[in-house]
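Every number in this text was worked out from the coordinates using simple rules, so none of it is lab data. Please read these numbers as outputs of a predicted model, since none were measured by experiment. Glycine gets a Cβ as well: all are built from the backbone with ideal geometry, and neighbour counts include every protein chain shown.
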Amino acid sequence: MKKIICFMAVLVFGLCVMAGCGQSNAEEESADGVKMYMIVSTADTFRQNLMDAAEAKAEAMGAEITIKDAEGSLENQIAYIEEAVDQGYDVVLCNPVDVDTTLQLKLAAGDLPIVFWNSCPDEQYLEEDKYVFVGSNESDAGQFQAEYILDKFADQDTINVAIFEGQKLHSATLGRTNSLKAALDDSGKEINYVFDDYADWDTDIAKSQFELLLKTGQSVDVVACNNDSMALGVIQACEENGISFDDIVIVGVDATEEGCAAIVDGKMQFTAFQPAVGQGEYAVMAAARLAKGKSLEGLDYLDDNGKYVWVPFERVDSSNVADYQ
């Protein structure tokens, strides 16, 4: 009888070791006592959704989180990071006003780890389990746009393309635009870029710029925008100038509520869903680990060098847009 009891005890112990008896998962999802300081460069709809998700996730994990808006000011951002240091926070989650100032941000943080989000610093400034980036791989968004465009114009040898870019030097602007152009240029088709300029993610700026383009009389087959907000500006310009959406293809990025509605209405044909909620949640999960001196190893979407957590983009068109509304 003793032998049977001993055998069962060993068996149960072994199963607990393999499964963790549920304890390791609970510990992994706990951030009790961790103080997080989150800073946005400038709040907008997408970033606000991300911050809301981050706040909810932090609270669910038991962490304290403070969120501040730098309002586009590097000075404000550095001051907030220094405040995080002075007030004993454990980790900073930072959306850089300017990625070229990453070194300054790191110096201001001292020994605090940083999770960068939304705007990605150059890899040389990232460090495994210390300074990491959580976001979506921007090149995928541009690639998805190009694939849709090339499929739409498969029977056409020449495509006239207008590109509306986001903020200059923003990592999303560079990643989305460069991958879009690379895929189009490698297609074997003749790609005429009839317009390519920065509209700073802004609906009104994009509308104004597209109206100027229309005055030149150039033929436009497709308008590729770095985000949905700029695509909406192009849509408004088309509506006010009597341009049929059967005669022009408009694509965006983010799958915002307004962007998805435009697809349903047949005014925009494609967007790439950028998961604000997923990015916010993974930024907090990564921050919790760094705050406790743990490795990110094993975290979903972590890349091979341990510096990036890539929450994937998803293709959205009329066939599946209802899933994103």
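Computed values, structure above
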quantity	calculated
Some residue of the range 174-196 being closer than 30 Å to PRO96 by Cβ, in contact with a helix residue (DSSP H, G or I) (Cβ under 6 Å, 6 or more places away or on another chain) and among the acidic types (Asp, Glu)	no
Hits in the range 251-304 - residues which are of a type in the set (Ser, Thr, Tyr) and farther than 18 Å from ASN320 by Cβ	TYR282, SER295, TYR301
